[in-house]
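K.L.:
One structure follows; several queries about it will come next.
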Amino acid sequence: MEKKEMRAVYAETLIDLARENPDIVVLDADLMKANGTAAFAKAFPDRAVDCGVAEANMVGVASGLSAAGKIPFASTFACFASRRAYDQFFLSANYARLNVKLVGTDPGVTAKYNGGTHMPFEDLALMRVIPGLTIVEPSDPTSLAGFVRLAAAHRGCVYMRMPRTAANVLYGAAETFAFGKAKVLREGGDAAIVALGSVMVNEALAAAEALAAEGTHAAVIDALSLKPLDLDTLLRYARSTGRVVTCENAQIAGGLGGAVAEAILEAGVAAKFARIGIRDEFGEVGTVEYLIERYGITAAHIAAAVRSLT
Amino acid sequence: MTKETRTELEAKAREIRALTIDAIGYLGVGHIGGSMSVVDVLALLYYRHMRVDPAEPRRRDRDQLVLSKGHAGPALYATLASKGYFPEEWLHTLNVGGTNLPSHCDRNRTPGVDMTTGSLGQGISAACGIALGNRLNGISSNVYCIIGDGESDEGQVWEAAMFAAQYRLDKLVAFTDYNRMQIDGPTAEIMNLESLKAKWEAFGWFTQEVDGHDMEAMDGAVERAKANPGRPSMIILDTIKAKGFSLAEGQVGSHSMSFSYEDAKMAIADLKG
């Protein structure tokens, strides 16, 4: 399968946008090389703002830039974007109804060798409780480019999770995306696997493949937009299949699993339900392959969860 | 500054002080101390320096003020009401459910408020962003920012201080309301800021110290700040907490206090001498 480096796509998309729109500015906190935004800085040096190792100030400056009419995209590791600059993002950006796009890189296990200190499993739950915030986790390079463009055009704050390294290309260049819209990547009538982010969507596809060999046909839904959540699609598949498994590279509490569980219960849909994700644990060092095994979020775990819902 | 101008500005400051006491006294509780200590600088900025139009509060090329010590909202509201941004009657809605005048500044509720503040340390970062955004937009307006001395305990203030110097935000003129009192006591005892001037200088700012209740001294400092290219400016205002509020002037307990509307009327009478 074709792969593309996510950070390169992020920077290329921002460069394209910046050519069309003079208000696009890009901020980072001493991670321009790591997050790929150095390419933007090279193309638009005056519109690239390296804030040094000061994430709280970066989000505050981004808020001020927004108040002056700019469209700031600020990136840093997701652990800092969420935990360290939370009050700033909450108040200066969101409560102030400004227009700040915050991109958290290295979500969950993709923080790999940076380990538990840098491994954000909690960012989704933290962000979900900010009123009116739009939260997305693109699953591939095409959806990343699509959602960066959507974020630029959207009036309001956005939090986006983004692994930095290469990810499988799941969508063709012509695919279109929308906030609040999931994508059905694979049809199936026996169960619905709802996954968020490139790591989990790829594991979910592998799980569906393995299940199909056993005669169980699971749909794979790429959630993409955690908030707003695509209730129409999710509830339709919950009703038609009666079996739902959510998959996220984050704490199951408060994230995708929590959101889908709330929606299903409130809608009165009688579906069997299981969550794949981090179960109240901190992160640790390792490769992505080691960590997904360590935390029980591989294709095999997803397939086992589907089988368990009888 | 002519004697007439000075007299006019001092009269404006007295008027704003009376409105501030009246607003907080009508409600019966509020941040009177830190509101009263910044009234003189607000009067100076809004009545002498800031190019603003109350009829068009969101004009792109306006001068802006970020009240980073957002709890001094009542003083800003009194100033904005006196300038005609909204009717003075609004001041009696301070903190009443559904009001446009909440305790802490809210850019979406109050005409003339340029930035939402209240979690200390955040406003000065936003002021940096506004100054940078203006520069990118080719707008040469000034951005003023008022921070508190207690607020200066926040690490974010110093992150922003480094940022403003690094990006040479010379349209940013910040003030520290140095009334030397924070909620729990004198700043010297709770978290000593000294030497505050040396700190700002070390962070690369053009730094001045003036009497924060002397219009002429402050005016000179603002003029020097605006004429200083390549660096952000910090003007440390030597102020008195609750200045002009006869019931609690200079008292630590004035940060947020209760007093009756009768007391407010008495204090306003004292103010007018």
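K.L.:
In terms of Cα to Cα distance under 19 Å, which aspartates and glutamates are near enough to B:K265, apart from those fewer than 8 places away along the same chain?
P.N.:
Qualifying aspartates and glutamates at Cα under 19 Å: B:E15, B:D22, B:E88, B:E89, B:E249.
K.L.:
Going 7 Å from the Cα of A:R155 in the Cα-to-Cβ direction, what parts of the stretch A:74-104 have a backbone nitrogen less than 15 Å from that spot?
P.N.:
Under cut-off, by backbone N: A:97-100.
K.L.:
List the residues, sorted by chain then number, that are 5 or more residues from B:I236 or on another chain and whose placed amide H is less than 5 Å from its amide H.
P.N.:
B:T176, B:Q208, B:E209, B:V210
K.L.:
Given R₀ = 56 Å, what would the calculated FRET efficiency be for A:A300 paired with B:L271, taking r from the Cβ atoms and rounding to 0.05?
P.N.:
Numbers: r = 76 Å, r/R0 = 1.36.
With R0 = 56 Å, the Cβ-Cβ based efficiency is 0.15.
K.L.:
A further question on this structure: State, to one decimal in nm, how far the label point of A:R83 lies from the label point of A:N114, with both points 7 Å from Cα in the Cβ direction.
P.N.:
1.1
K.L.:
Where a Cα-Cα gap under 25 Å defines reach, which lysines qualify for A:K181, not counting those fewer than 8 residues away within the same chain?
P.N.:
A:K3, A:K4, A:K101, A:K227, A:K272
K.L.:
Could you order the peptides B:7-19, A:58-70, A:103-115 from most to least packed, using the average number of other C-beta atoms within 10 Å per residue? Show your work: numbers first, answer last.
P.N.:
On the way: B:7-19: 19.2, A:58-70: 30.0, A:103-115: 23.2.
Packing order, densest peptide first, comes out as A:58-70, A:103-115, B:7-19.
K.L.:
For peptide A:86-96, what's the mean number of Cβ atoms from other chains within 10 Å of each residue's Cβ?
P.N.:
Mean inter-chain Cβ contacts per residue within 10 Å come to 5.
K.L.:
Based on Cα positions only, what radius of gyration and what Dmax would you give for the stretch A:22-108, in angstroms?
P.N.:
Rg, Dmax (Cα atoms, Å): 11.7, 34.
K.L.:
Related question: On the accessible surface of the protein assembly as shown, probed at 1.4 Å, how many percent belong to carbon and sulfur atoms? Write down the numbers at each step before the final one.
P.N.:
Numbers: 10850 of 21200 Å².
Roughly 51 percent, rounded to a whole number.
K.L.:
Quick check on packing: order A:87-93, B:66-72, B:30-36 by the mean number of other C-beta atoms within 10 Å, highest mean leading. Working shown, then result.
P.N.:
Numbers: A:87-93: 25.4, B:66-72: 29.3, B:30-36: 27.7.
The packing order, highest mean first, is B:66-72, B:30-36, A:87-93.
K.L.:
Using a ≥ b ≥ c from the Cα gyration tensor of the stretch A:183-308 (square roots of the eigenvalues), is it rounded, prolate or oblate, where a/c under 1.5 gives rounded and otherwise the larger of a/b and b/c decides, a/b for prolate?
P.N.:
Details: a/c = 1.79, a/b = 1.23, b/c = 1.45.
It comes out oblate by the Cα gyration axes.
K.L.:
Now for a separate question. Expressed as a rounded percentage, what relative contact order does chain B have, with Cα pairs under 8 Å and six or more residues apart?
P.N.:
Relative contact order here is 24 percent.
K.L.:
Determine by what factor the alpha-carbon radius of gyration of the stretch A:3-168 differs from 2.2 N^0.38 Å, reporting the quotient.
P.N.:
Numbers: Rg = 14.0 Å, N = 166, 2.2 N^0.38 = 15.3 Å.
Against the compact-globule rule of thumb, the ratio is 0.91.
K.L.:
Give the relative contact order (percent, whole number) for chain A; include only Cα pairs under 8 Å separated by 6+ residues.
P.N.:
17
K.L.:
What is the angle, in °, between the Cα long axis of helix B:122-136 and the longest principal axis of the Cα atoms in chain B? Nearest 10 is fine, range 0 to 90.
P.N.:
So the inclination is approximately 50 degrees.
K.L.:
Using a 1.4 angstrom probe, figure out how much accessible area the protein assembly as shown has per residue, in square angstrom, rounded to the nearest whole.
P.N.:
About 36 Å² of surface per residue is accessible.
K.L.:
Right, something else. Distance between Cα centroids, the stretch A:266-301 to the stretch A:137-154: provide it in whole Å.
P.N.:
Here the answer is 24 Å between Cα centres.
K.L.:
Rounded to whole Å and sorted largest first, what semi-axes of the equivalent ellipsoid does the C-alpha gyration tensor of chain B yield via the square root of 5 times each eigenvalue?
P.N.:
Working: eigenvalues 145, 87, 64 Å².
Each semi-axis is √(5λ); the values are 27, 21, 18 Å.
K.L.:
Another one. So if we plug the beta-carbon distance of A:A34 and B:R51 into 1/(1 + (r/R0)^6) with R0 = 41 Å, what FRET efficiency do we get, rounded to 0.05?
P.N.:
0.45
K.L.:
Select from the stretch B:130-145 all residues whose loss of accessible area on going from the chain by itself to the full protein assembly reaches 30 Å² or more (probe 1.4 Å).
P.N.:
Residues shielded by partner chains are B:I130, B:L132, B:L136, B:N137.
K.L.:
Also: On average, how many beta carbons from a partner chain sit within 10 Å of the beta carbon of a residue in B:108-120?
P.N.:
On the way: counts 4, 0, 0, 0, 0, 0, 2, 7, 10, 3, 4, 7, 0.
Partner-chain Cβ atoms within 10 Å, mean over residues of B:108-120: 3.
K.L.:
For the residue pair A:F282 and B:I183, what label-to-label distance in nm results when each label sits 7 Å from Cα along the Cα-to-beta-carbon direction?
P.N.:
Calculated label separation equals 2.9 nm.
K.L.:
Going Cα to Cα from B:K226, which lysines come in below 28 Å? Please leave out same-chain ones fewer than 8 positions away.
P.N.:
Cα-Cα hits under 28 Å: A:K70, B:K3, B:K12, B:K69, B:K83, B:K171, B:K197, B:K199, B:K241, B:K243.
K.L.:
Also, I was wondering about something else. Tell me the label-point distance for the pair B:K226, A:A166, using the 7 Å Cα-to-Cβ offset, in nm and rounded to one decimal.
P.N.:
Here the answer is 5.8 nm between the modelled labels.
K.L.:
Three principal axis extents, largest first, for the C-alpha atoms of chain A, in Å?
P.N.:
Per principal axis, max minus min of the Cα coordinates gives 58, 37, 37 Å.
K.L.:
Could you give log10 I(q)/I(0) at q = 0.06 Å⁻¹ for the protein assembly as shown, computed by the Debye formula over C-alpha point scatterers of equal weight, without solvent?
P.N.:
One equal scatterer on each Cα of the protein assembly as shown leads to -0.36.
K.L.:
Got the relative contact order for the stretch A:3-168 handy, in percent, Cα pairs under 8 Å and 6 or more residues apart?
P.N.:
RCO, the stretch A:3-168: 28 percent.
K.L.:
Nearest 100 Å² is fine: how much accessible area is buried between B and A, summed over both sides, with a 1.4 Å probe? If you can, show how the numbers build up before the last one.
P.N.:
On the way: alone 11120 and 12120 Å², together 21200 Å².
Using a 1.4 Å probe on protein heavy atoms, the buried area is about 2000 Å².
K.L.:
Let me ask something additional. Roughly speaking, what is the centre-to-centre gap between the stretch A:80-95 and the stretch A:31-73 when only Cα atoms are used, to the nearest Å?
P.N.:
Distance between centres, Cα-based: 15 Å.
The values are calculated or read from the model by the stated rules, or taken from the named source; none is laboratory data. What you see is a predicted model, and the numbers here were worked out from it, not measured in a lab. Reconstructed Cβ throughout: ideal geometry from the backbone, glycine too, with neighbour counts over all protein chains shown. Surface accessibility is based on the protein's heavy atoms, side chains included, excluding ligands, DNA and RNA. Shrake-Rupley method; radii C 1.70, N 1.55, O 1.52, S 1.80 Å.
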